[in-house]
Amino acid sequence: MWCQRLAWLLRGRHGSTGRRWPWLPGDRGPVPAVPVRGHPTAPASPCCAWQLHRDHLELRYGSTVMRLDFVWLRDHCRSASCFNTKTNQRSLDTASVDLAIRPQAVRVDETTLFLTWPDGHVTRYGLEWLARNSYEGQKQQVMHPRILWNAEIYRQAQVPSIDCRSFLETDEGLKEFLQNFLLYGIAFVENVTPTREDTKILAERISLIRETIYGRMWYFTSDFSRGDTAYTKLALDRHTDTTYFQEPCGIQVFHCLKHEGTGGRTLLVDGFHAAEQVLRQAPEHFELLAKVPLKHEYVESVGGCHNHMIGVGPVLNVYPWNNELYLIRYNNYDRAVFNTVPHDVVRRWYRAHRALTAELRRPDNELWVKLKPGKALFVDNWRVLHGREAFTGYRQLCGCYLTRDDMLNTARLLGLQA
């Protein structure tokens, strides 16, 4: 996974200190609580050992070495007085925890860590829970499993479209659709009645529709009714939408209702796959694109529509704890004046941007799809770039933006990792 290969960029801040652990032989029997005096090391089980430091507990469980701050351990207690398991909400007042708190006794058996605090309160942690939820454990995980693709990889995968009736009426059809969408960032539904109303019903199956300056369901032809190149017959280069929003729209739905003419194929490019190639070839470019904030803006004054929207963020957005890419904000049409960095960074950024653009424009990364009435396309606007070729004749599309959180919620309720 590319996010693991990026870890070396932060090694200077988060890397190992090189200190050797004085592991002691384990004992499968009960381990007595050890009063805290100085900096003891205590045996636990063959797969677990721990060592106390001034302000944290160092715990080794399997292959994971965790450094757990005492304040963090007290704050995350899951006892009945500290955490409401019915609502899954914290009851403990975090601000009431003494920042100099230190356990009076520590005990570890094969599955559980026990901490006794100065007021006599006992915190119990499952070792598996700690391994999953610690900073070190999070660095080894990804939020959303994905399959990165170019055109050939996607075609060979033979990802099936989902029949509209199965999508709307069965959990199995919906789950298969969402699994495809989460893995590849695009998914298709076939045999949809080619109307705006039926497209709306389709969209609301997975998420709430996000209302924007374009309304809820947009419906457009090449009449230039809005101040956007999309409302013309011109070709559109690959891009993500609403980069000028502070939070770009998460999902976009396209449904071609009618086309009497030629051309107009839709272009799809996996932006995360392109970013992966940049990371492999020039990690310094990837790092710069993930750090430098840009402004994107949308200025419109057509008819009764008057808008000036500005969104700020880097081209590549990553989670800081594991450098997993979660959003690409790429739209050369809407990029505003580049004035967010001093002159000595400008040329370096342009080199990095050129490297990413070259990958995005590689012909083997381009998946071309002809949208026809009855075939709806869902696009992850945080990952997959879209565009189109020029066209002739009358072409009518409808669609909408969906809220990402609600789609992910639907996926989780169906048992998917999202």
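The residue of segment 78-120 that is least open to solvent (accessible area, probe 1.4 Å), among those that are acidic (Asp, Glu) and closer than 21 Å to CYS48 by Cα, is ASP109. For segment 389-415, which positions are open to solvent by 40 Å² or more (accessible area, probe 1.4 Å) and either modelled with pLDDT of 95 or more or not in a strand (DSSP E or B) (or both)? Passing the criteria: GLU389, ALA390, THR392, ASP405, ASP406, ASN409, ARG412, LEU413, GLY415. Yes or no: segment 180-187 includes at least one residue that is at pLDDT 95 or above and part of a strand (DSSP E or B). Within segment 180-187, one or more residues are at pLDDT 95 or above and part of a strand (DSSP E or B). So, ALA418, is that one assigned to a helix (DSSP H, G or I) and either in contact (Cβ under 8 Å) with a residue 40 or more places away in the chain or surrounded by fewer than 21 Cβ atoms within 10 Å (Cβ to Cβ) (or both) or not? Criteria not met by ALA418.
If the condition is being part of a strand (DSSP E or B) and either of a type in the set (Asp, Glu) or open to solvent by 20 Å² or more (accessible area, probe 1.4 Å) (or both), then segment 124-150 contributes ARG124, GLY126. If only residues of segment 151-188 that are open to solvent by less than 30 Å² (accessible area, probe 1.4 Å) and of a type in the set (Gly, Ala, Ser) are counted, the one that is nearest to the chain's Cα centre (by Cα) is GLY185. Among residues of segment 287-332 being without any contact (Cβ under 8 Å) to a residue 12 or more places away in the chain and in a strand (DSSP E or B), the one that is nearest to the chain's Cα centre (by Cα) is HIS308. Exactly one residue among THR195, THR232 is without any contact (Cβ under 8 Å) to a residue 24 or more places away in the chain and either open to solvent by less than 60 Å² (accessible area, probe 1.4 Å) or β-branched (Val, Ile, Thr) (or both), and that residue is THR232. Each residue in segment 375-401 was checked for being out of contact with any helix residue (DSSP H, G or I) (no Cβ under 8 Å at 6 or more places or on another chain) and not charged (D, E, K, R), and 13 of them qualify.
Could you tell me whether LEU59 is surrounded by 14 or more Cβ atoms within 10 Å (Cβ to Cβ), in a strand (DSSP E or B) and at pLDDT 95 or above? It is true that LEU59 is surrounded by 14 or more Cβ atoms within 10 Å (Cβ to Cβ), in a strand (DSSP E or B) and at pLDDT 95 or above. For segment 337-370, enumerate the residues that are within 18 Å of THR243 (Cβ to Cβ) and open to solvent by less than 20 Å² (accessible area, probe 1.4 Å). Hits for segment 337-370 are TRP349, ALA352, LEU356, THR357, LEU360.
Give the residues of segment 318-330 that are touching a strand residue (DSSP E or B) at 6+ places or on another chain (Cβ under 8 Å), open to solvent by less than 20 Å² (accessible area, probe 1.4 Å) and over 11 Å from LEU294 (Cα atoms), sorted by residue number. Hits for segment 318-330 are GLU324, LEU325, LEU327, ILE328. Whether any residue in segment 265-274 is farther than 30 Å from PRO194 by Cβ, in contact (Cβ under 8 Å) with a residue 24 or more places away in the chain and open to solvent by 10 Å² or more (accessible area, probe 1.4 Å) is what I want to check. Yes: one or more hits.
The values are calculated or read from the model by the stated rules, or taken from the named source; none is laboratory data. As the structure is a prediction and not an experimental result, all values here were calculated from the model. No Cβ is skipped: glycine too gets one built from the backbone with ideal geometry, and neighbour counts run over all protein chains shown. We work out accessible area using only protein heavy atoms, side chains counted, and drop any ligands, DNA or RNA first. Shrake-Rupley method; radii C 1.70, N 1.55, O 1.52, S 1.80 Å.
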